[in-house]
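Comments concern the structure below.
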Amino acid sequence: MAKVQVIHGPNLNMLGQREVDVYGENSLDEINASLAAQAKAAGVDLATFQSNHEGEIVDVIQQSDADVIIINPGAYTHYSVAIRDAIASIKKPVIEVHLSNIYAREDFRKDSVIAPVAAGQIAGFGPDSYYLALDAAIRRLRPETSA
Ligand code: DQA
């Protein structure tokens, strides 16, 4: 079965409690449960992982046996050359996700060091950013559905 790995970066374990006006009221568990249901309906295996530690995220990117990776790198988006290099070192497509529209916020959020090595980026749709990314991953895995 095709497999998708979702990686949530730092502070995303605080979703639902953290800056709810920016990131919304859904918890990470709720988002992961919706992703699991979406993957199941599509017949795709899904693994989810959250870490506040850059090196652990690098390890999962290097070691993942998934066909597609979806990542919200959190604040690492804006400066982690290590995560960028890990993505560049693997052949599988990586989809970058953000709950908020990083281009409509502080200047320091407008640069993503991940974007140039990602297959694509979805930002600004709250939890729907993840669901749209999973849809894009499923369509990549099943080219016949993306006519
Ligand atoms: C975020 C945007 C980042 O700038 C921020 O540091 C986050 C979350 C988002 O999902 O909108 O932690 O990646």
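The values are calculated or read from the model by the stated rules, or taken from the named source; none is laboratory data. From a predicted model like this one, the values you see are computed outputs, not experimental measurements. Cβ sites come from the backbone with ideal geometry, for glycine too, and all protein chains shown count toward neighbours. The protein model used for the area step is the full one, side chains on, heavy atoms only, and it has no ligands, DNA or RNA in it. Shrake-Rupley method; radii C 1.70, N 1.55, O 1.52, S 1.80 Å.
One line per residue, one yes/no per condition, for (1) modelled with pLDDT of 95 or more; (2) more than 16 Å from the ligand (Cβ to nearest atom):
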residue: Glu25; (1), (2): no, no
residue: Ala42; (1), (2): yes, yes
residue: Ser51; (1), (2): yes, no
residue: Pro73; (1), (2): yes, no
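Mind checking which residues of the range 97-109 are near the ligand (Cβ under 9 Å from one of its atoms) and of a type outside the set (Phe, Trp, Tyr)?
Val97, His98, Leu99, Ser100, Asn101, Ile102, Arg105, Glu106, Arg109
Confirm whether Ser100 is over 12 Å from Val4 (Cβ atoms), out of contact with any Lys or Arg (no Cβ under 6 Å at 6 or more places or on another chain) and either of a type in the set (Val, Ile, Thr) or open to solvent by less than 70 Å² (accessible area, probe 1.4 Å) (or both). Spell out the reasoning first.
On the way: over 12 Å from Val4 (Cβ atoms): yes; out of contact with any Lys or Arg (no Cβ under 6 Å at 6 or more places or on another chain): yes; either of a type in the set (Val, Ile, Thr) or open to solvent by less than 70 Å² (accessible area, probe 1.4 Å) (or both): yes.
In short, yes.
If we keep just the residues of the range 11-45 that are without any contact (Cβ under 8 Å) to a residue 60 or more places away in the chain, surrounded by 14 or more Cβ atoms within 10 Å (Cβ to Cβ) and under 20 Å from Arg140 (Cβ atoms), which is nearest to the chain's Cα centre (by Cα)?
Ala36
Considering each residue of the range 114-131, count those that are assigned to a loop (DSSP other than H, G, I, E, B) and either exposed (fewer than 14 other Cβ atoms within 10 Å of the Cβ) or within 12 Å of the ligand (Cβ to nearest atom) (or both), and give that number.
Residues of the range 114-131 assigned to a loop (DSSP other than H, G, I, E, B): 114, 118-119, 124-127.
Okay, now just the ones that are also either exposed (fewer than 14 other Cβ atoms within 10 Å of the Cβ) or within 12 Å of the ligand (Cβ to nearest atom) (or both), so 114, 124-127.
Residues flagged as assigned to a loop (DSSP other than H, G, I, E, B) and either exposed (fewer than 14 other Cβ atoms within 10 Å of the Cβ) or within 12 Å of the ligand (Cβ to nearest atom) (or both) within the range 114-131 amount to 5.
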